[in-house]
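All remarks here apply to the structure that follows.
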Amino acid sequence: MRDYAKIMRSCGVEDYFITETVSESAELFFIKKKLDMRRYKNTAEAEISVYKVYEDNGAKFKGGASVIVNLTDTDAEVTEKVKSALYGAGFVKNKYYEFAKGVKSDTIIMESDLNGPSLSELAKKFADAVYSEDCDEKAFINSLEIFANEEKVHMVSSYGTDVSYVKRTVEGEFVAQCKEPNDVETYQSFEYDSLALSEIKNLVKSTLALTRDRAEAVNMPKAGNYDIVLSDKYVPEVISFYPTRANAAFIYPGYSEFKVGDKVQGENVKGDALNIRFGVTAPFSEEGIPMKERSFIENGVLKTIHGSQRFSYYLGIEQIGNYDKVILPAGSTKFAEMLNRPCLHVVNFSDFQMDSYDGHFKGEIRLAYLYDGKGNVEFVTGGSINGSIFDSQEDIVLSEETQKLAQYEGPRAILLKGVAVAGE
């Protein structure tokens, strides 16, 4: 690592935090089943954050600013960028706060079955898995992009941080298409931190099926209130309401009133009580704080507030870092049993949003399956759903079937009762 401490001293910087990241990726681009391009990327850069403590009218502030430098930049070039950042920090009027004591650690290689094979081999394994399911009679993969990534991260700070880790992920996107009876496409993205070949196969298979069904869907659901079933990527989007709402950056300004000990799922839970743990996506937070699995919600009761050092300091709580992964146990109801009732199973939205400010969720329906509870199902498209997690959370039903994504491990499906649907 560059001698940043010397550069900081020359610029008059007392407080700083630096993250060096060396990234490698093997990338594959397909058009239908033909490999169109193969690319290997290697980047190296550092984010330098500098802080300036000052007083104004008797009040104490800590301003901060950041710059990105290439590891190929000269010390002189880095020095000029740092001076500019320090100047800018003097105009940022954040109330004074203190950093947690920094920690030191040898390099940690995150455990994963992605370790071992080369990045190119990993990309090929996922490509082979995708195309092993590209055998639908009507729907097919129109295009596919896969990125096998490795990041080597090193963090140092003026307050004692000196940690590093190595992490691998595989991410990408594909477009499924069906031309008859209507020409439709479905965009799908994915990210895994494990050799999730069965998961990507299931994703491809289900996406091809819903694309084929979307080509046949014509009718819009009738307007009214429905039991709504959401599955796959929409489940973690709904659940994201809770970790966002429990973030110190949400609580301190008053956007959320969550407090440890609150019954955040409501006073009278009749469905599945939420039991959520915070998972770990990296051994250290973006601020160098050691991360570990933590209890987040137990039987609907909030146990932990997380967040950045700044807002955690303002709240007077332990500075444990920002968590972006949640882990839930399997639910009590089989997926098929969820659908054995009058309900609307929405499998694809034009846009789905979970608003953590007011608790509302909404989305325009691209494809849904309308079940009448008597064994009949209709493909429907159009219209939208509009509900509130505050109205639905006490009656939530979670599926026995689970899924494992980079930032979510838990039930594959969720049932929300009495949600408004705009339609015919």
Q) What's the exposure ranking of Met8, Met220, going from fewest to most Cβ atoms within 10 Å? A) Met220, Met8
Q) So how tilted is helix 75-89 from the main axis of the chain? Cα-based, degrees 0 to 90, rounded to 10. A) 80 degrees
Q.
As an exercise, identify the chymotrypsin sites (Phe, Trp or Tyr not before Pro) in the range 322-397 lying in DSSP coil whose Cβ has no more than 13 other Cβ atoms within 10 Å.
A. Tyr357
Q. Which pairs break 28 Å Cα to Cα here: Lys270/Lys362; Lys32/Lys201; Lys167/Lys259; Lys125/Lys303?
A. Lys167/Lys259; Lys125/Lys303
Q) Working out 0.36 nm times the residue gap between Asp372 and Arg294, then minus their Cα-Cα distance, what length gain in nm do you get to one decimal? A) 24.0 nm
Q | Set of aspartates and glutamates near Lys104 by C-alpha distance (under 18 Å), chain-local residues within fewer than 8 positions excluded | A | Asp3, Asp15, Glu20, Asp162, Glu286, Glu287
Q) Among (i) 142; (ii) 161; (iii) 209, which one is volume of the Cα convex hull per residue in Å³ computed from these coordinates? A) (ii)
Q) Using a simple charge model, +1 on the beta-carbon of Lys and Arg, -1 on the beta-carbon of Asp and Glu, nothing else, what dipole does the chain show about its Cα centre, in debye to the nearest 20? A) 460 debye
(Q) Report the Cα centroid-to-centroid distance between the range 7-53 and the range 245-311 in angstrom, as an integer. (A) 29 Å
Q) Can you pull the semi-axes for the range 48-120, root of five times each eigenvalue of the Cα gyration tensor, sorted largest first, whole Å? A) 35, 20, 10
(Q) Between helix 197-216 and the chain, what is the angle of the helix's C-alpha long axis to the longest principal axis, kept within 0 to 90° and rounded to the nearest 10? (A) 50 degrees
Q | Selection from Gly359, Ser158, Cys135, by position along the positive dipole direction of the chain (Cβ) | A | Ser158
**Q.** Cα-centred dipole magnitude for the range 217-424, charges only on beta-carbon of K, R (+1) and D, E (-1), debye, nearest 20
**A.** 240 debye
**Q.** Span from the the range 177-218 Cα centroid across to the the range 328-393 one, whole angstrom
**A.** 18 Å
Q. Can you give the FRET efficiency for Ala209 and Tyr255, using 1/(1 + (r/R0)^6), R0 = 30 Å, r = Cβ-Cβ distance, to the nearest 0.05?
A. 0.15
Q.
Can you compute the FRET efficiency between Ser240 and Ala422 using 1/(1 + (r/R0)^6), with r the Cβ-Cβ distance and R0 = 22 Å? Round to the nearest 0.05.
A. 0.40
Q) For the chain, what is the relative contact order in percent, using Cα pairs closer than 8 Å and at least 6 residues apart in sequence? A) 15 percent
Q) Over the range 255-324, what is the mean sequence separation of C-alpha contacts under 8 Å (at least six apart), divided by residue count, expressed as relative contact order in percent? A) 33 percent
Q | Residues Cys178, Cys11, sorted so that the one with the fewest Cβ neighbours within 10 Å comes first | A | Cys11, Cys178
Q. With contacts defined as alpha carbon pairs under 8 Å and 6 or more residues apart, what's the relative contact order of the range 217-424 in percent?
A. 31 percent
Q: Subtracting the Cα-Cα distance from 0.36 nm times the residue separation, let me have the gained length for Asn42 to Asp56 in nm, one decimal.
A: 0.6 nm
Q.
Run through the range 252-329 and list the trypsin sites (Lys or Arg not before Pro) located in a DSSP loop whose Cβ has at most 12 other Cβ atoms within 10 Å.
A. Lys259, Lys270, Lys292
Q | Convex hull (Cα only) mean projected area of the range 217-424, reported in nm² to one decimal | A | 11.4 nm²
Q | chymotrypsin sites (Phe, Trp or Tyr not before Pro) within the range 10-105, DSSP loop, no more than 15 other Cβ atoms inside 10 Å | A | Phe91, Tyr96
(Q) Need one number: nm distance between label points at Asp358 and Thr74, each 7 Å from Cα along Cα→Cβ, rounded to one decimal. (A) 5.6 nm
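Just so you know, all these numbers are worked out from the coordinates, no wet-lab data involved. Keep in mind that what you see is a predicted model, and the values were worked out from it rather than measured. All Cβ positions, even for glycine, are placed from backbone atoms using ideal geometry, and neighbour counts span all protein chains on display.
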